[in-house]
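The values are calculated or read from the model by the stated rules, or taken from the named source; none is laboratory data. Remember, predicted model here, so these are calculated numbers, not experimental data. Cβ coordinates were reconstructed from backbone atoms using ideal geometry, including for glycine residues, and neighbour counts include every protein chain displayed. SASA here: full protein model, heavy atoms, side chains in, ligands and nucleic acids out. Shrake-Rupley method; radii C 1.70, N 1.55, O 1.52, S 1.80 Å.
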Amino acid sequence: MTVTDLLALEERYGAHNYHPLDVVIERAKGVWVWDVEGHKYLDCLAAYSAVNQGHCHPRIFAALVEQARRVTLTSRAFRNDQLPLLLERLHQLTGYDMALPMNSGAEAVETAIKAARKWGYVTKGIPADRARIVVCAGNFHGRTVSIVSFSTEAQYRDGFGPFTPGFDVVPFGDADALERALTDDTCAFLVEPIQGEAGIIVPPEGYLARAAALCRERRVLFIVDEIQSGLGRAGALFAHQHERVHPDAVIVGKALSGGFYPVSAVLATREVLGVFAPGDHGSTFGGNPLACAVARAALDVIVDEGLPDWSAALGAYFIERLRKLASPFVRDVRGRGLWIGVELDRPARPFCEALKELGVLCKETHDRVIRIAPPLVITTDEIDWALERFARVLR
């Protein structure tokens, strides 16, 4: 079947809720992918950070196959022998008392919202149905109805009301605005340590530390969404660690499975996740043995291969050389680790399409930003190969 045939089938029978580049991928390994016609591309998106460990990592693949031969799904109606091992591994790696595994990132965010609200009522003593959560303008935490209820992106909300109440929006990076927004009814502050979908926006130095202090003073949960920024992407295991803060809860997903399987989780103190009683929350697939075996292998790869440190070193190298391109179209190059935004003075889509023709796959975000987030196993030589193509497109 030709590329044209496959595109026609997808357009005819699929909902048009995405606008992908017209490259039809059939296989992948490490940082490289191949389309159905055999063309080779350097993946500079890594499935929005889901394949930090590189495509089809052999250790994660082996864990997937071994577990798939034994048992894949038990539901939480029964126990399985893999969930306890993942929970223990997450505790050893992050220090958090408890974890609640789910599937997609959006489900994990919904889980954190429910935990925060219940903590607000049960522990903080907020009157019934008055709990509020402060969020940031420009946020992206997913696309469920409750989450788009506090999005400031008009398209994400258009046509999907009525919306879930109980959220207050403040400017990202403005700690004074956060302080003014906190009330006795505030149960949580939910924030991305770096805003990805908004264009790889890094907040001012000290913002997260002050936000954490404000939350502690006002008895408000400090919840960090590390679904994209975490697990090595931003040059540390978690992006918030650059400011040495310890959130009450951390939301993880994407690279938690290395791209093999949708796995997410909320990590938190016992005081937060301990509010859930049997029946309060759940998922048929959440914490299933296949997901847990895959996630444990994915975490081991991140640690054993030193991917956070590698991301920090090569990210600094990538950013420095992108800045030296001195393109007339580039307004800013920013980021942390191997998570980079190249902001242009015009739409980024044509540049992404030109890069695709040269063998580099990137994706625009917020119209004028090229988002660069390759698998963290990328080498200096491969970055140089990509830079030569960025130079040809941006000059």
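Among the residues of the stretch 265-297, which ones are out of contact with any Asp or Glu (no Cβ under 8 Å at 6 or more places or on another chain) and in a strand (DSSP E or B)? Result: ALA265, VAL266, LEU267. Exactly one condition in (1) surrounded by fewer than 18 Cβ atoms within 10 Å (Cβ to Cβ); (2) touching a strand residue (DSSP E or B) at 6+ places or on another chain (Cβ under 9 Å) is false for GLY173; which is it? Of the numbered conditions (1) surrounded by fewer than 18 Cβ atoms within 10 Å (Cβ to Cβ); (2) touching a strand residue (DSSP E or B) at 6+ places or on another chain (Cβ under 9 Å), the odd one out for GLY173 is (1). Summed over the stretch 338-395, the residues that are of a type in the set (D, E, K, R), under 25 Å from LYS254 (Cα atoms) and in a loop (DSSP other than H, G, I, E, B) give a count of 2.
Taking the stretch 113-138 as the range and being surrounded by 23 or more Cβ atoms within 10 Å (Cβ to Cβ) and outside any helix (DSSP H, G or I) as the test, the residues that pass are VAL134, VAL135, CYS136. Yes or no: the stretch 86-95 includes at least one residue that is closer than 24 Å to ALA177 by Cα, open to solvent by 60 Å² or more (accessible area, probe 1.4 Å), modelled with pLDDT of 95 or more and among the charged types (D, E, K, R). No, that holds for no residue. Of all residues in the stretch 350-368, exactly one satisfies the criterion of being within 20 Å of ARG336 (Cα to Cα), open to solvent by less than 10 Å² (accessible area, probe 1.4 Å) and either polar (S, T, N, Q) or touching an Asp or Glu at 6+ places or on another chain (Cβ under 8 Å) (or both), namely THR365. Checking the stretch 176-184 against the condition returns a match, with at least one residue being within 21 Å of GLN241 (Cα to Cα), at pLDDT 95 or above and open to solvent by less than 30 Å² (accessible area, probe 1.4 Å).
Out of the residues in the stretch 236-257 that are open to solvent by less than 10 Å² (accessible area, probe 1.4 Å), in a loop (DSSP other than H, G, I, E, B) and touching a Gly at 6+ places or on another chain (Cβ under 8 Å), state the one that is farthest from ALA312 (Cα to Cα). Across the stretch 236-257, the extreme among qualifying residues is GLY253. Please tell me if LEU307 is more than 21 Å from ILE201 (Cα to Cα), within 18 Å of the chain's Cα centre (by Cα) and surrounded by 24 or more Cβ atoms within 10 Å (Cβ to Cβ). Taking the combined requirement at face value, the residue satisfies it. Residues in the stretch 30-62 that are in a strand (DSSP E or B) and of a type in the set (A, V, I, L, M, F, W, C) were compared, and the one that is surrounded by the fewest Cβ atoms within 10 Å (Cβ to Cβ) is TRP34. A residue that is open to solvent by less than 70 Å² (accessible area, probe 1.4 Å), more than 25 Å from CYS215 (Cα to Cα) and in contact with a strand residue (DSSP E or B) (Cβ under 8 Å, 6 or more places away or on another chain) occurs nowhere in the stretch 152-167. Of the numbered criteria (1) open to solvent by 20 Å² or more (accessible area, probe 1.4 Å); (2) free of Cβ contacts under 8 Å to residues at least 40 places away in the same chain, the one ARG219 fails is (2). When we screen ARG143, ARG157 for residues that are within 23 Å of the chain's Cα centre (by Cα), closer than 18 Å to ALA106 by Cβ and free of Cβ contacts under 8 Å to residues at least 12 places away in the same chain, the only hit is ARG157.
The residue pairs whose first member lies in the stretch 288-300 and is without any contact (Cβ under 8 Å) to a residue 60 or more places away in the chain, whose second member is part of a helix (DSSP H, G or I) and surrounded by fewer than 24 Cβ atoms within 10 Å (Cβ to Cβ), and whose beta carbons are closer than 8 Å, counting only pairs six or more residues apart or on different chains, do not exist in this structure.
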